[in-house]
1. In the structure shown, do any of K157/K277; K215/K277; K213/K320; K157/K228; K277/K320 have a Cα-Cα gap over 28 Å, and if so which?
2. What is the sum of charges, Lys and Arg at +1 and Asp and Glu at -1, for the other residues whose Cβ falls under 12 Å from the Cβ of G255?
3. Round to a whole angstrom and tell me the spacing of the C-alpha centers of the stretch 103-123 and the stretch 302-349.
4. Using only the alpha carbon atoms of the stretch 158-313, find the Kirkwood hydrodynamic radius as the inverse mean reciprocal pair distance, in angstroms to one decimal.
5. Before I look further, what does the stretch 101-226 give for accessible area per residue, probe 1.4 Å, in whole square angstrom?
6. Step by step: find N for the stretch 188-267, compute 2.2 N^0.38 Å, then divide the Cα radius of gyration by it. What's the final number?
7. Quick one: Karplus J couplings for the stretch 272-282, per residue in order, coefficients 6.51, -1.76, 1.60, θ = phi - 60°, nearest Hz, x for Gly and Pro?
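The values are calculated or read from the model by the stated rules, or taken from the named source; none is laboratory data. Quantities reported herein were computed from a predicted structural model and do not represent experimental measurements. Glycine gets a Cβ as well: all are built from the backbone with ideal geometry, and neighbour counts include every protein chain shown. SASA here: full protein model, heavy atoms, side chains in, ligands and nucleic acids out. Shrake-Rupley method; radii C 1.70, N 1.55, O 1.52, S 1.80 Å.
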Amino acid sequence: MFIKKSMVKWASVLMISTVLAACQDSETEQDAAEDGQDQTADSGGEEENSHDHEEEEHDHEHSNGNDHDAPEDIDIQGLADHYHTGDTVNLTAELNEETDNDHWHWYIRDNEDDEWETVPDQENSEFTGEASIDGQEIKAVLFGDDHEAYAQSSPAKIVIDDHGHGDDEDSQRIYDGYFEDDEVEDRELSDWEGDWQSVYPYLQDGDLDEVFKQKAQDDEDMTEEEYKEYYEEGYETETERIVIEGNTVTFFENGEESSGEYKYDGYEILTYEAGNKGVRYVFELTEDNEEMPQYIQFSDHIISPEESHHFHLYWGDDRKELLEEVTHWPTYYPSELDSEEIVNEMTAH
């Protein structure tokens with residue numbers, strides 16, 4: 001009887017232990033399942049947050065199809081009158097009022113019929129790009145904390161004018177002074193109409209040193225210092241500004257101005273020692289005016305009717321004597337250009 005009772009007792013203990021172990025395993029599996037569900041929920045939450053963030057950025061950058069409904073209270077500074085292909089475009093967006101908002105985006109489109117596209121990695125008030133498409137438009141948009149457009153600029157248009165000196169071999173040939181006499185045509189004074197500034201002050205200030213450095217690298221016949229001396233003699237003038245309007249030419253010198261009326265007096269083709277040629281377009285004073293020269297002669301590397309972008313000017317009272325001047329040629333660029341833009345113009349040629 002003792003043995004049978006003992007066996008029953010141990011059998012009962014064994015059954016109880018088995019049941020407890022099974023219960024423990026079940027609880028462990030349930031806990032693991034619950035932990036898995038929690039982790040999945042957490043992961044799903046992270047994915048959802050990430051998705052929401054992406055959607056938020058997408059909505060931020062492309063709200064209203066990038067046709068932003070915001071006042072045009074932003075001015076674009078630094079836009080050049082024109083660029084050459086490959087020039088760097090540096091722009092600054094300036095808001096007309098104070099604000100704590102500082103989240104900027106720049107947008108670009110190839111023409112006014114295209115959709116605006118966000119410019120990547122341009123998220124402050126400064127824009128840097130490359131001039132590559134004539135007529136391309138750029139605008140700046142400032143966003144508020146609600147990710148809605150707070151203010152925008154009107155589109156700034158990039159104008160590219162390579163003056164025919166880029167890939168156009170024929171125009172480059174003429175610019176370099178290699179042309180036939182019968183290619184030369186008459187021109188009117190309106191080709192030089194505008195407000196022009198002398199580049200001589202920029203040379204004196206050292207702003208054109210980059211130009212002379214490039215010339216020395218391209219042509220080892222002269223050093224950078226020699227080029228600077230050569231152009232210093234050529235550019236030297238006290239006439240710091242010239243305004244041409246209609247037939248009237250006005251010189252500004254030492255704070256004083258004088259004007260005169262001029263008429264076309266033909267052109268002269270000159271052949272230089274190097275074998276290339278140049279054209280002088282001559283205009284004669286039409287009135288008795290001791291303050292103005294009797295003749296002014298333009299040379300701008302152009303030989304047919306075309307708007308000038310810079311010019312060398314010769315002036316005096318002896319027409320023939322002026323034609324013999326080849327070492328002193330005061331040079332003028334549009335007055336709205338700054339030193340950096342003038343350097344870009346010069347190095348493009």
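1. On the way: K157/K277 36 Å; K215/K277 20 Å; K213/K320 35 Å; K157/K228 35 Å; K277/K320 17 Å.
Violating the 28 Å limit, Cα to Cα: K157/K277; K213/K320; K157/K228.
2. Working: positive: R241; negative: E238, E240, E253, E256, E257.
For residues surrounding G255, the net value is -4.
3. Spelled out, the Cα-based centre of one part sits 37 Å from the other.
4. Details: mean 1/r = 0.0575 Å⁻¹.
Value: 17.4 Å, from the Cα pair sum.
5. On the way: 7020 Å² over 126 residues.
Counting only protein heavy atoms, the per-residue value for the stretch 101-226 is 56 Å².
6. Working: Rg = 16.1 Å, N = 80, 2.2 N^0.38 = 11.6 Å.
That ratio works out to 1.39.
7. Going residue by residue, I get 8, 4, 6, x, 8, 10, x, 10, 9, 9, 9 Hz, with x marking Gly and Pro.
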